[in-house]
């Protein structure tokens, strides 16, 4: 049930990002004379100070926000798989080094690091922001994957592959990796949430590409346009709500998977006799 | 004690990594920002100041290795260079002025969030199947809400619409800082909304995490045994189940600290709170590289210290870590 709701939310936002701009067709940056209008039939979610349609911005912003989230989660997951699987499989000094590296990146506060790195970027395009977020966001996945690799590498099929003369890299990426795909998928989903949040935070601070419309940059302009003081709630509520809903969708899928693995976590209908 | 020694070793290693990262970032990022900065400042600032900045960055014609040693030497003397935004103030002075606000705000808020969130998690696991399960969907939603959005919403509702709380600064313009009741009251009043933001935004993780571990723990034989012995349910809940469930919870709490600090940086910025989060943004906006780097270093070290405190709590709560050596 949880997984179904979660997937439903994600499909909705995916469609919004893929098909939405085609349906709307308008330019998200186009200004008009109807500044600061509340939600109405003409502008379902109202307008910004310069008369931009908020619904159009939300729909186009979905592309950037989710695009950056996915791109940097892909990069981070590739890093996590490389570090986690290689370290976990080889063990010894390689594993020690990779583990320490992973733990260091796990402890260092990522958002301040992202802000500092972004501060040094000469151009803050979509791709460079995605890379910066990925560089700070791979450690959690690497830690989980290493732990899983440690248990998988002792299984018989790995021993068989080794006896069959397969090289270590082939064993890691063609024997062990397919077995870990479910774990990789869960850690990928969690990384997407983190990356979308990080992108939103960075854009909100005005440190990402402000010429493209993303949910974070909408919030940046809402804050700088004094949306709060004017009482223009329709300007800042939708972007944040979208971010939180995507996060909820991804979390529901992940929690649903957890509950399949550990049935005790499920909520139960029958009241147990406990005071 | 071997556990603590090992952890301490790891934190020292991480601190060294943060220091080294700080040294490498300006040199590895494209465009050599320090040289650019020096070139840009040459007209406005006296040569002595530029020289000081080069020294603080360790930028010289010497080899990279020599630069690194110089940099470590400066750091050991607490020299982080001069801020460009607040020139000629030392970066260390800027940080010393703003750090107490952040430590106070984030420290207290995180503690409240941890205590309330963990207790709620325990209760929800214990009363599974009752109305308390209704908190779960809300917590799932809150778990992904951006801190700064919570901050914006609170400002809108309680600051602008209801006008119950101030929405910026750390204390009122009319009070004089000092050890007076009036000043303390003003500080508390101004810290309310930022603190509530951090508590609300970070609590969901604690609730969900604690509930899940607790639910698993409640199925253990020793909990069933405790119930069968006829112990009061309060004793079973806290002294048997929660006491054990809290261990993994502390570990995950320590790991989430970096995330909480990141969210707090954004929260401070929304509320123009004079902590190091606001300073960090000022540094980035003004391309004040010494300030940016100094703040990143201090935030990293603070998170490491907090992690070590969490480890100490772990040792107090888990006797096994203390018996390892015997």
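I'd like the full set of residues that are within 7 Å of chain A (Cβ to nearest Cβ), under 18 Å from residue B:242 (Cβ atoms) and part of a helix (DSSP H, G or I), limited to the stretch B:126-142. B:126, the sole residue that qualifies. Residue A:229 satisfies every condition listed in (1) facing chain B (nearest Cβ under 10 Å); (2) farther than 28 Å from residue B:280 by Cβ; (3) at pLDDT below 85 except (2).
Would you call residue B:280 over 22 Å from residue B:203 (Cα atoms), surrounded by 21 or more Cβ atoms within 10 Å (Cβ to Cβ), within 9 Å of chain A (Cβ to nearest Cβ) and modelled with pLDDT of 85 or more?
On the way: over 22 Å from residue B:203 (Cα atoms): yes; surrounded by 21 or more Cβ atoms within 10 Å (Cβ to Cβ): yes; within 9 Å of chain A (Cβ to nearest Cβ): yes; modelled with pLDDT of 85 or more: yes.
Spelling it out, residue B:280 is indeed over 22 Å from residue B:203 (Cα atoms), surrounded by 21 or more Cβ atoms within 10 Å (Cβ to Cβ), within 9 Å of chain A (Cβ to nearest Cβ) and modelled with pLDDT of 85 or more.
Kindly provide the set of residues from the stretch B:263-280 that are under 22 Å from residue B:156 (Cα atoms) and part of a helix (DSSP H, G or I), ordered by number.
Kept after step one, since they are under 22 Å from residue B:156 (Cα atoms), are these residues of the stretch B:263-280: B:263-275, B:277-278.
Within the stretch B:263-280, B:263, B:264, B:265, B:266, B:267, B:268, B:269, B:270, B:277, B:278 qualify.
Among the numbered conditions (1) more than 10 Å from every other protein chain (Cβ to nearest Cβ); (2) within 26 Å of residue B:207 (Cβ to Cβ); (3) modelled with pLDDT under 85, the only one that residue B:326 does not meet is (2). Collect the residues in the stretch B:147-177 that are in a helix (DSSP H, G or I), in contact with a helix residue (DSSP H, G or I) (Cβ under 7 Å, 6 or more places away or on another chain) and more than 22 Å from residue B:106 (Cβ to Cβ), keeping them in residue-number order. B:156, B:160 - these are the residues of the stretch B:147-177 that are in a helix (DSSP H, G or I), in contact with a helix residue (DSSP H, G or I) (Cβ under 7 Å, 6 or more places away or on another chain) and more than 22 Å from residue B:106 (Cβ to Cβ).
Looking across the stretch A:123-160, the residues that are crowded, with 17+ Cβ neighbours inside 10 Å and over 30 Å from residue A:206 (Cβ atoms) come down to A:142, A:143, A:144, A:145, A:146, A:148, A:149, A:152, A:153, A:158.
Of all the numbered requirements in (1) in contact with a helix residue (DSSP H, G or I) (Cβ under 8 Å, 6 or more places away or on another chain); (2) at negative phi; (3) within 11 Å of chain A (Cβ to nearest Cβ), residue B:321 misses one, and that requirement is (3).
Yes or no: residue B:243 part of a helix (DSSP H, G or I), away from chain A (no Cβ under 12 Å) and either closer than 20 Å to residue B:116 by Cα or in contact with a strand residue (DSSP E or B) (Cβ under 9 Å, 6 or more places away or on another chain) (or both)?
Values: part of a helix (DSSP H, G or I): yes; away from chain A (no Cβ under 12 Å): yes; either closer than 20 Å to residue B:116 by Cα or in contact with a strand residue (DSSP E or B) (Cβ under 9 Å, 6 or more places away or on another chain) (or both): yes.
When the stated conditions are applied, residue B:243 passes them.
Restricting the first member to the stretch B:208-235 and to residues that are within 10 Å of chain A (Cβ to nearest Cβ), and the second to residues that are surrounded by fewer than 17 Cβ atoms within 10 Å (Cβ to Cβ) and modelled with pLDDT of 90 or more, no beta-carbon pair is closer than 7 Å while six or more apart or on different chains. Tally time: how many residues in the stretch B:283-309 are farther than 15 Å from residue B:91 by Cβ, more than 8 Å from chain A (Cβ to nearest Cβ) and crowded, with 19+ Cβ neighbours inside 10 Å? Count: 2. Here the condition is being within 20 Å of residue B:170 (Cβ to Cβ) and more than 15 Å from the chain's Cα centre (by Cα); of B:270, B:298, it holds for B:270 alone.
Reported count of residues in the stretch A:192-213, each being at pLDDT below 90 and away from chain B (no Cβ under 11 Å), is 6.
Residue-level check: of (1) buried (at least 21 other Cβ atoms within 10 Å of the Cβ); (2) more than 7 Å from chain B (Cβ to nearest Cβ), residue A:170 misses just (1).
Six or more apart or on different chains, Cβ atoms under 7 Å: show the pairs whose first residue is in the stretch A:1-16 and free of Cβ contacts under 8 Å to residues at least 60 places away in the same chain and whose second is part of a helix (DSSP H, G or I). Final answer for the pair search is A:16/A:59; A:16/A:62.
Would you call residue A:211 over 19 Å from residue B:139 (Cβ atoms), in contact with a helix residue (DSSP H, G or I) (Cβ under 9 Å, 6 or more places away or on another chain) and part of a helix (DSSP H, G or I)?
Answer is no for this residue.
Within this structure, residue B:256 passes the test of being over 14 Å from residue A:202 (Cα atoms), modelled with pLDDT under 90, more than 10 Å from every other protein chain (Cβ to nearest Cβ) and part of a helix (DSSP H, G or I).
With respect to residue B:211, is the statement that it is in contact with a helix residue (DSSP H, G or I) (Cβ under 9 Å, 6 or more places away or on another chain) and not in a helix (DSSP H, G or I) true?
Details: in contact with a helix residue (DSSP H, G or I) (Cβ under 9 Å, 6 or more places away or on another chain): yes; not in a helix (DSSP H, G or I): no.
When the stated conditions are applied, residue B:211 does not pass them.
The values are calculated or read from the model by the stated rules, or taken from the named source; none is laboratory data. Just so we're clear, the structure is a prediction, and the values are computed from it rather than from any experiment. Note: ideal-geometry Cβ built from the backbone for every residue, glycine included; neighbour counts use all protein chains shown.
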